[in-house]
Amino acid sequence: MDKLMVEGGVALSGRIRISGSKNAALPILMACILPEGPVTLTNVPRLADIHTSLKLLRILGCEAEFDGNTVLLACSERKHEAPYELVKTMRASVLCLGPLLALTGRARVALPGGCAIGARPVDLHLKGLEKLGAHFELTEGYIKGSCQGLTGARIPLDFPTVGGTEHLLMAASLARGESVIENAAREPEVVDLANFLIACGAKIEGQGTSVIRVQGVDGLTGCAYRVMPDRIEAGTYMVAAAITGGELFLEDCPFQELDAVSYKLREMGVWLEERKGGVLVKNGPELVGVDIQTRPFPGFPTDMQAQLMALMCLAKGVGTIEETIFENRFMHVMELLRMGADVKVKGSTAVIRGVPYLTGAPVMASDLRASASLVLAGLAARGVTEVQRIYHLDRGYESIEKKLSAVGARIRRVKG
């Protein structure tokens, strides 16, 4: 099993190009089941989850090629079963359920897996699809769905679930009549999916707001589409510049989608400047702790709290992070403590007291963003940090050790 060896103490300097968004590309790939005709997707990150999605699409009857950062897809037939062997490794696989139902009236999809960061049930997905006319039964670890065609409906979501909103957008695009999704997720990745579907001929209004209206159409056609840049990768490299006392220019940085993150970084003392083609990030004279509460977009993203915690470990004073989205997302705390951090967790709140320095140690990643936080801590720590179980990291960061090495980091991958 691969691991990363990180020798800290180098102020990073240079340019990093932000890759395409994992969280946008995955639902867009599942949406490629819907169009008749070929689809060309550009700016697709080369990640483990992308390769898993393409394997699943091939099992479902699609032809798929991945060359560089371009995916060519054509779905001439649609099979109905998404097997456990693939779905267990990646939650986004469940998003094939709605498109298969919309096109064929039946689907059998394994209950999803993914990172162990808390319960992320698909019940909101299923309740919404039932509003459109689908019927489900759960047997032997599989969701078995059927319908006699989908019909538009008003769907008030109990929580602005990102995956649920994306799922309903795809299914409603081919439902008869109008669908209204209320309390919809507003994340930029939801907007990117809606824009892709519109490029294929869907009729969608309101994406990026809490109410989305979808007028069903008879069919969708193929298109060429560029996936948005990854705002979480961009935020991670912002922290990399700050935690090492360095200076990075982030090319193709989706700065407008990072308002909540950039606000907190500036509050901590990090200097950010939007320039043509990207964003310049460097450390200010002193970092200070701040208070953060994770919220659905446009609030502070849960996918950035682990990275900000690593930064606050070396900031002056005390900061707090309240996690309101996932109940098990402080598993990186024990590993940061091994490096000398001062963090105390009570319930859903972590209290971080800054320390003068961190010390390299063997640490183990528990999930994708926890992996990133440990790499960031290692970049600033004295000595060598050995980050184990980095298969989590490979699910969400394209060539992270190559990108960091190019701007001065002493980091290398060691084959297990």
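Annotations for the structure displayed:
- Residue by residue, segment 177-187 carries 3J(HN,Hα) couplings of x, 9, 10, 10, 9, 9, 6, 5, 5, 10, 4 Hz when phi is fed to the Karplus relation 6.51 cos²θ - 1.76 cosθ + 1.60 (θ = phi - 60°); x denotes Gly or Pro.
- At most 14 other Cβ within 10 Å, DSSP loop - GluC sites (Glu not before Pro), segment 71-108: Glu77
- Bins of 5 Å, starting at 0 and running to the largest distance - Cα pair percent for segment 261-416: 2, 9, 18, 22, 22, 17, 8, 2, 0
- For Gln293, distant residues with modelled amide H under 5 Å away: Glu322
- On full extension, the segment bounded by Glu65 and Arg410 gains 120.8 nm, given 0.36 nm per residue less the C-alpha separation.
- Greater than 25 Å apart at Cα, pairs in Lys22/Lys264; Lys346/Lys415; Lys55/Lys144; Lys316/Lys403: Lys346/Lys415; Lys316/Lys403
- Each Cα pair under 8 Å and six or more residues apart adds its separation to the average, and for segment 22-226 the resulting relative contact order is 21 percent.
- Cleavage-rule hits, trypsin sites (Lys or Arg not before Pro), segment 246-301, DSSP coil, Cβ neighbours within 10 Å at most 13: Lys276
- Contact order normalised by residue count of the chain, Cα under 8 Å, 6+ apart, percent: 21
- Ranked Cys62, Cys253, criterion: other C-beta atoms within 10 Å, fewest first: Cys62, Cys253
- Loop-resident GluC sites (Glu not before Pro) (DSSP state other than H, G, I, E or B) in segment 117-193 with no more than 10 further Cβ atoms inside 10 Å of their Cβ: Glu140.
- Proxy reagent accessibility, fewest Cβ within 10 Å first, across His51, His392, His167, His80: His51, His80, His392, His167
- Euclidean distance between Cα centres, segment 182-245 to segment 294-344, Å: 26
- Distances between every pair of Cα atoms in the chain, grouped in 20 Å steps from 0 to the bin holding the largest one, split as 28, 55, 17, 0 percent.
- Per-residue HN-Hα couplings for segment 384-389 [Karplus 6.51, -1.76, 1.60; θ = phi - 60°; Hz; x = Gly/Pro]: 10, 10, 9, 9, 9, 6
Taken together, the values in this text are just the output of simple stated rules run on the coordinates, not laboratory data. In this text, all values refer to a predicted model and were calculated from it rather than measured experimentally. Every residue, glycine as well, gets a Cβ built from its backbone with ideal geometry; the counts of neighbours run over all protein chains shown.
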